[in-house]
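Since the structure comes first, as structure tokens, the remarks are kept for the end.
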Amino acid sequence: MTAIADLGIAFGRVAFVMLFILNMGGLLTWVERKQSAIMQDRIGANRASIFGFRLLGLFHPLADAIKMLTKEDFMPARADRFLFQLAPFVSVFFGLVAFAAIPFGDTLRLAGREIPLQAVTLDVGVLYVFAMLSLSIYGVMMAGWASGSNFAILGGQRAAALMISAEIAIGASIMGVIMWYGSLSLQTIVRGQGDLLLGWIPAWGILVQPLGFLLFVTAGIAATRRIPFDTPESESEIIGYFVEYSGMKFGMFAMADFLETVVIAGLTTTLFLGGWQVPWLYAEGFRFPWGAELALPHLLVVLLQVGAFTVKVSLMIFVMMLVRWTLPRFRYDQAMRLGWLGLFPLSVLNIVLTGAVLLLVGGPA
Amino acid sequence: MEHVTILMAFAFAAVVAGAMLVVPSLIAPRRLTPVKAQPFESGKDPIEITQGRLAVKFSTVAIFFILIDIELLFIWPWAMLYRKLGWFGFAEMLVFLGILMLGFLYIWQKGGLEWE
């Protein structure tokens with residue numbers, strides 16, 4: 001009986017995370033259009049309506065899904081039939097599973113059970129997320145190669161080279177976080193960010209690793225291949241690795257882009273913005289540095305934590321979208337140069353600096 | 001038992017991604033014409049499809065990636081245990097990173113990271 005209940009709880013955790021990222025990804029199609037409209041002083045997406053209700057254009061993601069599902073779904077004559085179908089599947093699949101190891105709350109105690117609020121509880125959560133993110137490169141490369149089109153294969157090659165360059169910088173820039181918190185488990189890293197510096201400042205990653213944060217976010221945006229790093233797509237030159245795709249298969253690549261944005265935002269939140277931590281909120285309630293205390297019931301604390309995680313991820317996505325609508329596209333050599341000659345040496349410098357500071361100051365034990 | 005959630009996450013993602021592939025193949029129209037099936041090249045007939053032939057720059061970048069990513073792999077366990085290693089670990093890593101950066105400088109000076 002308990003085994004079935006355990007399985008049920010496990011499924012509930014997975015379903016929560018998967019629906020979270022799917023809904024976030026779907027909403028992003030709306031956010032991207034609406035945010036750009038506001039930034040450019042336009043009205044933006046507001047046409048789709050159900051019985052006259054427009055709801056700020058929130059029905060557009062729904063209309064998009066219906067449109068893409070019913071569009072002609074053709075395969076070019078020279079395409080590799082199997083890989084051509086597999087490529088969008090791989091892209092979406094790894095975008096979805098990468099998020100699973102990111103903790104969205106502390107432990108929930110319910111009816112004598114301790115439920116970790118994390119779909120996949122791994123001691124090497126950081127490695128899991130990176131492995132899944134890296135594997136999504138294959139979807140892009142396969143799409144470029146299998147399409148049998150010159151533009152597509154050029155886009156696929158550009159994407160692969162850009163993503164591996166970004167990945168080096170990502171891997172090197174978070175080394176400082178791992179040195180500071182001494183763990184590869186995402187949950188432990190988030191718990192470590194609940195400590196206080198000088199007795200009142202929450203020890204969030206962005207405060208102890210400011211350089212690492214900037215490098216990680218830059219490399220993260222490059223890994224999602226979005227503007228200003230969208231040279232693999234650059235619709236004005238080569239259209240990209242998905243030039244031969246139509247209908248929902250194209251929609252899957254667009255969606256994989258949004259899913260990766262959510263994953264990078266979630267990872268930034270977890271490593272640098274305190275994850276589900278609310279400043280001065282502990283398991284029993286608030287304990288403010290000026291001495292005041294406010295006891296809260298357990299369920300409310302958990303709700304506050306999950307809410308804080310959601311708000312932080314949304315904020316991070318908002319920042320990434322701001323960048324996307326502010327900067328023009330880099331030239332391909334500029335993007336590669338930034339990755340190899342800018343982000344990578346600075347990340348190595350960050351490792352050395354973090355090491356020296358940790359030994360001199362000591363940091364929290 | 002604890003890691004069964006990984007399998008569940010994989011199954012969930014496979015079902016979602018699979019449905020996105022299967023549903024359109026059931027309800028979407030199919031009216032393929034020879035012109036539509038041609039590779040897209042801004043309206044021209046493609047002279048040659050370069051499938052499988054890469055510009056050599058991409059291969060060199062891939063090799064650099066493997067080199068440096070494997071070096072980074074050695075830093076992961078060191079970073080995790082850093083607090084226990086102290087000054088000895090710091091000096092060791094300075095030597096390791098020094099050699100790594102020497103190689104990186106060599107690649108840079110040889111023009112391996114230039115895109116003309």
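Simple spin-label model, 7 Å along Cα-to-Cβ: B:Leu105 to B:Leu67 in nm?
1.5
Cut-off 10 angstrom, C-alpha nodes, Gaussian network model of chain A. Which of A:Leu184, A:Leu211, A:Leu55 fluctuates the most?
Comparing A:Leu184, A:Leu211, A:Leu55 in a Gaussian network model of chain A, the most mobile one is A:Leu55.
On a 0 to 90° scale, report how tilted helix B:56-80 is relative to the longest principal axis of chain B, with both axes built from alpha carbons and the result rounded to the nearest 10.
That works out to roughly 50 degrees.
Would you kindly calculate the mean projected area, averaged across all directions, of the convex hull enclosing the Cα atoms of the protein assembly as shown, in square nanometres?
Numbers: hull surface 107.0 nm².
Result: a mean projected hull area of 26.7 nm².
Across region A:15-128, how large is the tail of the calculated P(r) beyond 25 Å, expressed as a percent of all Cα pairs?
Values: 3211 of 6441 pairs.
That tail contains 50 percent of the Cα-Cα pairs.
Compute the length gained on full extension between A:Arg113 and A:Trp290: take 0.36 nm times their separation in residues and subtract their Cα-Cα distance, giving the result in nm to one decimal.
Numbers: separation 177, 0.36 × 177 = 63.72 nm, distance 3.42 nm.
Working it through step by step, the gained length comes to 60.3 nm.
Can you give the FRET efficiency to the nearest 0.05 for A:Leu353 and A:Asp41, using r as the Cβ-Cβ distance and R₀ = 30 Å? Don't skip to the end; give the middle numbers.
Values: r = 42 Å, r/R0 = 1.41.
Calculated transfer efficiency: 0.10.
Given contacts defined as C-alpha pairs under 8 Å and at least six residues apart, what's the relative contact order of chain A, whole-number percent? Intermediate values should be presented prior to the final figure.
On the way: 562 pairs, mean separation 76.5, N = 365.
The value is 21 percent.
Write out the trypsin sites (Lys or Arg not before Pro) in region B:59-112 meeting two conditions: DSSP loop, and at most 11 other Cβ atoms within 10 Å of their Cβ. Intermediate results must be reported in sequence, preceding the final value.
Values: sites: B:Arg83, B:Lys84, B:Lys110; in loops: B:Lys110.
Filter output for region B:59-112: B:Lys110.
Highest GNM mean-square fluctuation, chain A, Cα pairs closer than 10 Å: which of A:Ile351, A:Ile43, A:Ile206?
In this elastic network of chain A, the residue with the biggest mean-square fluctuation among A:Ile351, A:Ile43, A:Ile206 is A:Ile43.
Take chain B, connect every pair of alpha-carbon atoms lying under 10 Å apart with a spring to form a Gaussian network, then pick out the residue of B:Ile63, B:Ile27, B:Ile47 with the largest mean-square fluctuation.
With Cα springs under 10 Å in chain B, the top fluctuation among B:Ile63, B:Ile27, B:Ile47 is at B:Ile27.
Of all chymotrypsin sites (Phe, Trp or Tyr not before Pro) in region A:250-350, which ones are in loop regions per DSSP and have a Cβ with at most 15 other Cβ atoms within 10 Å? Mind dumping the intermediate values first?
On the way: sites: A:Phe250, A:Phe253, A:Phe258, A:Phe272, A:Trp276, A:Trp280, A:Tyr282, A:Phe286, A:Trp290, A:Phe309, A:Phe318, A:Trp325, A:Phe330, A:Tyr332, A:Trp340; in loops: A:Trp276, A:Trp280, A:Trp290, A:Phe330.
Of the chymotrypsin sites (Phe, Trp or Tyr not before Pro), the ones in loops of region A:250-350 whose Cβ has at most 15 other Cβ atoms within 10 Å are A:Trp290.
Counting other Cβ atoms within 10 Å, which chymotrypsin sites (Phe, Trp or Tyr not before Pro) in region A:190-233 have at most 15 and lie in a DSSP loop?
Numbers: sites: A:Trp200, A:Trp204, A:Phe213, A:Phe216, A:Phe229; in loops: A:Trp200, A:Trp204, A:Phe229.
For chymotrypsin sites (Phe, Trp or Tyr not before Pro) across region A:190-233 that sit outside H, G, I, E and B with at most 15 neighbouring Cβ atoms in 10 Å, the list reads A:Trp200.
How large is the convex hull of the C-alpha atoms of region A:82-174 per residue, in Å³?
100
Looking at region A:253-365, I'd like the Rg to Rh ratio, where Rg is from alpha-carbon atoms and Rh is Kirkwood's inverse mean 1/r. Don't jump to the answer; show the numbers that get you there.
Numbers: Rg = 19.3 Å, Rh = 17.6 Å.
On the Cα set of region A:253-365, Rg over Rh gives 1.09.
Please identify which residues in region A:72-95 have an amide N closer than 12 Å to a label point set 7 Å out from the Cα of A:Leu135, following the Cα→Cβ vector.
Hits in region A:72-95 for A:Leu135 at 12 Å: A:90-95.
I'm a student and want to see the number: the projected area of the Cα convex hull of chain B, averaged over all directions, in nm². Please report the intermediate quantities before stating the final value.
Numbers: hull surface 59.9 nm².
Computed as one quarter of the Cα hull surface, the answer is 15.0 nm².
Kindly express, to the nearest 10 degrees and within the range 0 to 90, the angle between helix A:2-39's C-alpha long axis and the longest C-alpha principal axis of chain A.
60
Rounded to the nearest 500, what is chain A's calculated 222 nm mean residue ellipticity when only DSSP H runs of at least 4 contribute -39500 (n - 2.57) each, over all residues?
Details: 13 runs with 224 residues, N = 365.
After summing the helix terms and dividing by residue count, I get -20500 deg cm²/dmol.
Any read-out appearing in this document is the output of simple, stated calculations on the displayed coordinates, not a laboratory observation. Please read these numbers as outputs of a predicted model, since none were measured by experiment. Positions of Cβ are generated from backbone atoms using ideal geometry, with glycine treated the same way; all protein chains shown enter the neighbour counts.
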